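Let me begin by presenting the structure, written as structure tokens, before commenting on it.
Just so it is clear, none of the values below were taken in a lab; they were calculated from the coordinates. Quick caveat, the model's predicted, so the values are computed rather than measured. Counting neighbours? That spans all protein chains shown, and the Cβs are built from the backbone with ideal geometry, glycine included.
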Amino acid sequence: MQRAKATRDQLKRYNQQLILRTIYQEETVSRAALAGETGLAKPTVSDIVSELMGQGYILEVGHGHSTASGGKRPVLLQFVPTARQVIGLVIGDETITGCLANLDGRIVAMHYLPLEADEAAWANRLEGVINALIAQQDAPILCMGLGVPGVIETQPGSPHRVLREQIRQRYGLPVYLNNNTELAARATVAFGTEDRGENLVVVLVTQHVEIGIALGGRIFHHGGEAGTLRLPSGDPLAQTLTTSALRGRLFDLDLTSLGWDDDPADRTFLHLRYAIHCAQPGALDLLDAIARDLAYVYTWIIGLVRPDEIALAGALVEMGPTLPQRIRHHLQHTISAQALDGLRLTLAEARHLSLRGAVAHALHTELGIV
Amino acid sequence: MSMKKIGIVTNYPEGVFQRETILGVEQVAVAQGYSVLVNALVEDDQIQPITLPLAELAGLVIIANVLTDEELRALHQQLPAMVLISHRLPQSSIPAIIQNNEEGIPQLVDYLIEECGCRRIAFIQGHMDQFDGRQRDRAFRQALLRHQLLPVPELILPGEFDPPKAAESVRALLASGADFDALLASDYLMGSAALQVLREAGVSVPEQVSVVGFGDGVEAESVGLTTVAADIVELGQRGARLLMAQIAGLHVEGVTWLNTQLIERDSSRRLQRVDEV
């Protein structure tokens, strides 16, 4: 099979992204250092730097030190995160969430709109959110990242592709589409701590139970939602482990021994966390049940992927560190001590992980950064 | 040709929050060729009717809960280009912009507990009839739960976004002898008033009590109050931009939340870490 040659435009774009990514990752850098790090010829670097400066992505910020052999002090270049903005969008269970972000991923403003279950209404509601964000832009909008629940259908004419194309044509901007859980995995990798291992799995529990996989820093296509898988009890995950199923169990908890006369309908997983902290028996039982069910999901994941880390995302994160601790306890019965010993079980730290992932995906695809 | 106009409806235009919001709206509106008419609906503590010439306006900005839900819906029928600032109307298509209470209040609680070592935090409520007041109260209670703490009823103080009322509540708290090591005010003006009361009572701030507030302004800076910043002028600017988009005929819906940043000043102090000793 013959590989297609890269076109001149593709090569130029690749080199631009390489230069921009290098400048983005350093605080400041000279043209000579850029040539050294990227392997590009100095004239090529100079041309690209001039173009990027003309577009406002980088600027000159003073001088560095002379080299050991003396000579002119090099001019230093710095990335300008406010040169453009990116719109991130996530279609969730009950809301559309959008944001305006700078090129370093910093979110400047967020925007919410409740959503009907009817997918036919998505395009209209999205338009209301996108227009609200564009109205507030502080810099030209570069592109959009869009997250949707469930499997992304890629065949021509599929609803997801039609939606993306509608937005792209309406606003004349690139739109990068992905599944919410994959975006959560991307955000965890892109904005996470440096001591994170190479292989990460994110389990996102919302109205669905979905899995996003990052291997060697690459995000892999999410194959389907795990809610249809059955637990040893015979119950599908979707009946026991989604947030609506768990909220029902939260509602039924008798917490009067804690002296609360709250409205059970107002309870959150924070209340459960507190009740667990007080060793309330019903709360401890619920913690154990949730941890046991998650341990089954984790066992499947470990068997398939052998990740360095499994991060739990979604509202269950509010239960706090006792949840991964209890999951680890149950995993002792399903995987080897050796496999468990090297495995990190964590809670995804950031709120709006999928939204941050939508921004990261857009920045990565468009500019090669983040 | 008559100049294009937009209207702002508010309660007390002289209030710091209202003044800065109006300033932000005016900056954007004037730059786009609009004049701005401000209608204050409260005079001598009496509610007045709207006197704006609605038929002449291109759009309307409503600040806080100055109108009832029914009045807002009726107005929206007459004037489709409308934006709510620091308020929202559920089940309506009127776009709104608010400070991110769900981020800012937990930022303050986390800071007091994790950085300043506080455990018994008194909370000065805003107006519980207002969206911001209710949401900040809820965010405070949720943030405490996250740290395995429950709100202490005697440490929840009425403030109603009114500095003299807040000051009176803090005096009553001191008189009660209740034990507290921090005070979080739902807005920085109440926080500034509370700080004054504590200092006058001889309470050492931040050594005995750390004091923080939501929102920021010149008053907070002048008394050295630690706050989370919700830029009110920016709130007005972004609200005006939402309005301009609607006037231009665009479909705009939903609620914008502005993020907050912590601004540390003298009214709070981080615990010194072992490795810094």
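Mean-square fluctuations from a GNM of chain A, with a 10 angstrom spring cutoff on Cα atoms, peak among A:146, A:163, A:177 at A:163.
Here is the list for the stretch B:205-277: GluC sites (Glu not before Pro) lying in DSSP coil, each with at most 11 other C-beta atoms within 10 angstrom of its C-beta, are B:207.
Restricting the calculation to Cα atoms, every distinct pair contributes to the Kirkwood radius of the stretch A:248-370, found to be 16.4 Å.
Within the stretch A:33-164, antiparallel bridges make up roughly 75 percent of the DSSP beta bridges whose residues both belong there. In summary, the aspartates and glutamates within cross-link reach of residue B:5, defined as a Cα separation below 12 angstrom excluding same-chain residues under 8 places away, comprise B:26, B:56. The simple Förster model, with R0 at 35 Å and r as the Cβ-Cβ distance, assigns residue A:268 and residue A:165 a FRET efficiency of 0.35. The H on the amide N of residue B:230, modeled in the peptide plane, is under 5 Å from the matching H of B:215, B:216, each at least 5 residues off or on a different chain.
In a DSSP loop and with at most 12 other Cβ atoms within 10 Å, the trypsin sites (Lys or Arg not before Pro) in the stretch A:1-71 are A:3, A:5. Report the normalised scattering of chain A as log10 I(q)/I(0) at q = 0.06, 0.10, 0.14, 0.15 Å⁻¹, calculated by the Debye formula with identical scatterers on the alpha carbons. Here the Debye-derived log intensity ratios amount to -0.29, -0.74, -1.21, -1.30. Remark: relative contact order (the stretch B:151-277) = 22 percent; criterion is Cα-Cα distance under 8 angstrom and separation of 6 or more residues.
Spin-label model, residue A:13/residue A:199: points 7 Å from Cα along the beta carbon direction are separated by 3.2 nm. Label-to-label distance for residue A:338 and residue A:258 is 4.2 nm, based on points extended 7 Å past Cα in the beta-carbon direction. Legend: ranking of residues B:257, A:122, A:300 from fewest to most surrounding C-beta atoms inside 10 Å; resulting order A:300, A:122, B:257.
Taking 25 Å as the straight-line reach from the Cα of residue A:72, the lysines in range (excluding those fewer than 8 positions away in the same chain) are A:42. Seen from every direction in turn and averaged, the convex hull around the alpha carbons of the stretch A:116-197 projects onto 7.3 nm².
If R0 is 41 Å, what FRET efficiency do you get for residue B:78 and residue A:32 from their C-beta distance, rounded to 0.05? About 0.05, to the nearest 0.05. Inverting the pair-averaged 1/r between distinct Cα atoms of the stretch A:18-58 gives 10.0 Å as its Kirkwood hydrodynamic radius.
DSSP finds beta bridges in the protein assembly as shown, and of those with both partners inside it, around 45 percent are antiparallel.
Please report, to two decimal places, log10 I(q)/I(0) for the stretch B:91-149 at q = 0.17, 0.20, 0.23 Å⁻¹ as given by the Debye formula with identical point scatterers on the Cα atoms and no solvent. Each listed q corresponds, in turn, to -0.59, -0.76, -0.93. Helix A:243-252: angle to the longest alpha-carbon principal axis of chain A, degrees 0 to 90, nearest 10? Between helix and principal axis, roughly 40 degrees.
Put simply, the amide H of residue B:82, placed in the peptide plane, has neighbours under 5 Å in B:60, leaving out anything fewer than 5 places away on its chain. For the stretch B:206-265, the relative contact order comes to 38 percent (Cα pairs under 8 Å, sequence separation of at least 6). Within the stretch A:1-147, all pairs of alpha-carbon atoms sorted by distance into 10 Å bins from zero give the percentages 10, 30, 24, 20, 12, 3, 1.
Computed from the C-beta positions of residue A:306 and residue A:155 and an R0 of 41 Å, the FRET efficiency is 0.80 to the nearest 0.05.
Within the stretch B:133-155, whose backbone N sits under 20 Å from a point 7 Å along Cα→Cβ of residue A:322? The answer is B:141-152.
How much of the DSSP bridge set in the stretch B:1-82 is antiparallel, in percent, rounded to the nearest 5? Around 15 percent of the beta bridges assigned by DSSP in the stretch B:1-82 are antiparallel ones.
Placing +1 on each Lys and Arg Cβ and -1 on each Asp and Glu Cβ, with no other charges, gives chain A a dipole about its Cα centre of roughly 1620 debye. Annotation: amide H of residue B:265 within the under-5 Å range of B:226, B:227, sequence separation 5 or more or interchain, hydrogens built in the peptide plane. Any idea what angle helix A:8-25 forms with the longest principal axis of chain A, computed on alpha-carbon atoms, 0 to 90 degrees, nearest 10? Between helix and principal axis, roughly 70 degrees.
Spacing of the modelled spin labels on residue B:203 and residue A:349, each 7 Å from Cα toward Cβ, amounts to 3.3 nm.
An ellipsoid equivalent to the protein assembly as shown, defined through the eigenvalues of its Cα gyration tensor, has semi-axes of 40, 35, 28 Å when rounded to whole angstrom and sorted largest first. Take every Cα pair under 8 Å whose residues are at least 6 apart in sequence, average their separation, divide by the length of chain B, and the relative contact order is 22 percent.
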